[in-house]
Amino acid sequence: MNVTRKRESNSYLIDWIIRVGDVLLINLFFLAVYYIFRNYEITSNIYHREQITASLTINLCYFFVSSFIRFQISSNVIYLDKIVQKSTVFIAIYSILLTAGFSIFQVVPSIPIIPWIIGFLALGTLYIIWHIAFRILLKIYRRKGYNYRQVIIAGGGINGVEIHETLLCSDFGYKIMGFFDDDPEKTGVLPNYLGKISEIKDYIKKEKVDEIFCTLPGIEEETIADLILFSEKNMIRFQYIPEFHRYIKRRFTFYFLETTPVLSLRNEPLQHFSNRFVKRSFDFIVSGILLVTIFPVILLVFGIAIKLSSRGPIFFVQKRTGIKGQEFNCYKFRSMKPNKEADKLQAVANDPRLTKVGAFMRKTNIDELPQLLNVFRNEMSLVGPRPHMLKHTDEYSALIDKFMVRHLVKPGITGWAQVTGFRGETKTVNAMEERVKRDVWYLENWTFFLDLKILFLTVFNMFRGDKKAF
């Protein structure tokens, strides 16, 4: 067996290890649950026939769901957040299917809802930990030179050097064999120069190559087309690095309008209806629950405190910029004495306008809670870029190129910028630019799990204390 077949068999073996590990984890989990609760009424009536039915249902549901949810943990390029996301979706679908199966086949007389949900949360946590741990071990394995793909780079320009550095410094499982370029001056400059572009075919006939990374300029379309045809005939994966990467250093979204390829400046997950539906459903449910449970108590306590601290209304209402630049009334608990500069100046450290109860509310984010009304009314989201007063929108949109991009999504009570150190006063344009970068990153990388992470960090920072909260 040659080296190539060994590498390919290793890839198949890795996929099988993942599958076997999944099945063992799920079966051992349910077996442990059964033995822990075997003396309880709910499991005491599970006899041999029901045990066999339960075992078959547990495993058939796994194989059914895994047939259309591909984890790609063994892929050369996959990030941990995607592993978490896919693993969570898998367990969610699996739990629904298994619940239906247990009900249809009457494995247990009645399914206790709360313990059942807690059980699947525990299983989901273990499942995610197992997949992340395996991916980390695989990356360590690849760093030692195993389970790799052999690649060559066609083109020794700026793009070629950059992709070489990226692959060299990563643990994606690529082994770079060298460069091919027609410029004779590149011979002593490029690391491991292998020859001219015309010599690629002869080289591949002698050496096994799994992928070609092509960085040739678009004007060499005949050469590129010839390399593509050669790659397909020889079962080599062809990757093309486009020229515009030289002057636009960012991620793009690629899609087709029928047969016409289109490159979009940014990926926006919330453009998809399914993602907007998930985010809006979460906002609606959580804000609704908080508005009828916790918020009335907080309103009563702090409403009285605000009234006793200074004259004026309980709520502070201010026009702010929302999605697509639309204006809306943003609600807050009033934390300052009534003043004429409220719509012009941000709060600063030791601001004389702040009341004592106002300073406490700002420190703990309690002053933001009335924005749950904005969330419930679909003017804001629980998580998103913080909405700015209209004056700041006008000022910073003229100074910062990407400032208005942050308004492509609904503003939020908290956001990625706020939990990564960019909340509160922005004294300089550079500080606002850094906040905008994080807001744009959020809209380009949104996931439901990122929202949960931001909410967790927000609550954590409330208890830990934030120096920039004033």
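Quick note: the coordinates plus some simple rules give every number you see, no bench work behind them. Bear in mind the structure is a predicted one, so any value in this text is a computation, not a measurement. Heads up, the Cβs are rebuilt from the backbone with ideal geometry, glycines too, and the neighbour counts pull from every protein chain shown.
Listed by Cβ neighbour count within 10 Å, with the fewest neighbours leading, ARG149, ARG280, ARG70, ARG362 appear as ARG70, ARG280, ARG149, ARG362.
Let me make sure I get this right: for the range 273-464, a, b and c are the square roots of the gyration tensor eigenvalues over alpha carbons, sorted descending. Under 1.5 in a/c it's rounded, otherwise prolate if a/b > b/c, else oblate. Which is it? Oblate is the answer for the range 273-464, as a/c is 1.5 or above yet b/c matches or exceeds a/b. Look at the alpha carbon pairs under 8 Å that are at least 6 residues apart: their mean separation over the length of the range 273-464 gives a relative contact order of 21 percent.
Taking amide H positions as modeled 1.01 Å from N, with prolines and chain starts lacking one, the residues under 5 Å from LYS319 and 5 or more places away or on another chain are CYS330. Across the options MET361, PHE422, MET432, the greatest Cα extent toward the positive end of the charge dipole of the range 273-464 (unit charges at beta carbon of Lys, Arg, Asp, Glu) belongs to MET361. From least to most packed, judged by other beta carbons within 10 angstrom and beginning with the fewest, MET336, MET235, MET389, MET404 follow the order MET235, MET404, MET389, MET336. Residue separation of LEU229 and ILE132 scaled by 0.36 nm, minus their Cα-Cα distance, works out to 31.2 nm of gained length. Close amide H contacts of ARG149 (hydrogens built in the peptide plane, cut-off under 5 Å, sequence separation of 5 or more or a different chain): TYR174, LYS175. Here, the range 149-249 is characterised by an Rg to Rh ratio of 0.93, where Rg is the alpha-carbon radius of gyration and Rh the Kirkwood radius. Applying 1/(1 + (r/R0)^6) with R0 = 51 Å to the Cβ-Cβ distance of ASP202 and ASN27 gives a FRET efficiency near 0.45. The GluC sites (Glu not before Pro) of the range 303-404 that DSSP puts in a loop, and whose beta carbon has at most 16 other beta carbons within 10 Å, are GLU341. Checking every one of the trypsin sites (Lys or Arg not before Pro) in the range 364-403 against DSSP loop status and a limit of 15 other Cβ atoms within 10 Å picks out ARG377, LYS402. Rg/Rh for the range 354-434 (Cα atoms only, Rh after Kirkwood) is 0.98.
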